[in-house]
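The values are calculated or read from the model by the stated rules, or taken from the named source; none is laboratory data. Source: prediction; values computed, not measured. Neighbour counts are summed over all protein chains in view; Cβ atoms, including those assigned to glycine, are modelled from backbone coordinates with ideal geometry.
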Amino acid sequence: MAESEDRLPWWRTLWSWVWPIAIGWLVAAGIMRWVVSFAVVPTSSMWPTIPNPCYILVDHIATETEAPYRGEVVLFPFPDDPTQIYVKRIIGMPGDTVTIHGGHVYINGKELSEPYLHGVLTPGDWGPYHVPAGHYFMLGDNRSVSEDSRYWVHKYVAGNTIIGRADMVVWPFTKWKSIQS
């Protein structure tokens, strides 16, 4: 009789396994939602900065603790269909006037230096786009194939909808690298 008295009921044994797993899952889900997560990039709109297809590490805290800045690569819901998540580079800041002509982007009449394009020009003549307060104008780095602010019905991304900053390419390992702003 002494042996059976020392054994825990089956439900207590099960609970001793379930609750730590449940707590661990909740902590992991919270980290993935509010701290860091991964996202897949299926298109070449950000090439060569982000190769495709690949997985990137997304820093959610960076966009909560720091104001977005020109040149930052961010993720956000597509303004014309919020069920889709896009990754693009911030080009126009609130209050800016953005124009594109002669292969170059101009912000408030001054040519924007874009070393991340590696000398590739932006095709076509676009704008002017007047970025409203609290919003951003986005462009992909591979401008000839990128469906970005130039083509959208709702041209600007609201700052409060930005999900996070794209920090690094993590998969495949052969393409592992930091994403430069």
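Quick test of your reading of the structure: Ile179 fulfils all but one of (1) closer than 24 Å to Pro51 by Cβ; (2) over 14 Å from the mean Cα position of the chain (by Cα); (3) modelled with pLDDT under 95; (4) of a type in the set (Val, Ile, Thr). Name the failing condition by number.
(2)
Are any residues in the stretch 98-154 in a helix (DSSP H, G or I) and not aromatic (Phe, Trp, Tyr), and if so, which ones?
At the first step, the residues of the stretch 98-154 found to be in a helix (DSSP H, G or I) are 115-117.
Pro115, Leu117 - these are the residues of the stretch 98-154 that are in a helix (DSSP H, G or I) and not aromatic (Phe, Trp, Tyr).
Tell me which residues, restricted to the stretch 155-181, are aromatic (Phe, Trp, Tyr) and assigned to a strand (DSSP E or B).
Matches in the stretch 155-181: Trp171 only.
Yes/no per residue for (1) in contact (Cβ under 8 Å) with a residue 12 or more places away in the chain; (2) at positive phi; (3) touching a Ser or Thr at 6+ places or on another chain (Cβ under 7 Å); (4) surrounded by 17 or more Cβ atoms within 10 Å (Cβ to Cβ):
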| residue | (1), (2), (3), (4) |
| --- | --- |
| His104 | yes, no, yes, no |
| His118 | yes, yes, no, no |
| Asp125 | yes, no, no, no |
| Gly134 | yes, yes, no, no |
| Phe137 | yes, no, yes, yes |
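Determine, yes or no, whether Thr99 is hydroxyl-bearing (Ser, Thr, Tyr), farther than 18 Å from Val169 by Cα, in the same structural domain as Thr43 (by TED's automatic domain parsing) and surrounded by 12 or more Cβ atoms within 10 Å (Cβ to Cβ).
Details: hydroxyl-bearing (Ser, Thr, Tyr): yes; farther than 18 Å from Val169 by Cα: yes; in the same structural domain as Thr43 (by TED's automatic domain parsing): yes; surrounded by 12 or more Cβ atoms within 10 Å (Cβ to Cβ): yes.
For Thr99, the condition - hydroxyl-bearing (Ser, Thr, Tyr), farther than 18 Å from Val169 by Cα, in the same structural domain as Thr43 (by TED's automatic domain parsing) and surrounded by 12 or more Cβ atoms within 10 Å (Cβ to Cβ) - is met.
Only one of these is within 20 Å of Pro172 (Cα to Cα), in contact with a Cys (Cβ under 9 Å, 6 or more places away or on another chain) and surrounded by 18 or more Cβ atoms within 10 Å (Cβ to Cβ): Val58, Val41, Val73, Val87. Name it.
That would be Val41, the only listed residue that is within 20 Å of Pro172 (Cα to Cα), in contact with a Cys (Cβ under 9 Å, 6 or more places away or on another chain) and surrounded by 18 or more Cβ atoms within 10 Å (Cβ to Cβ).
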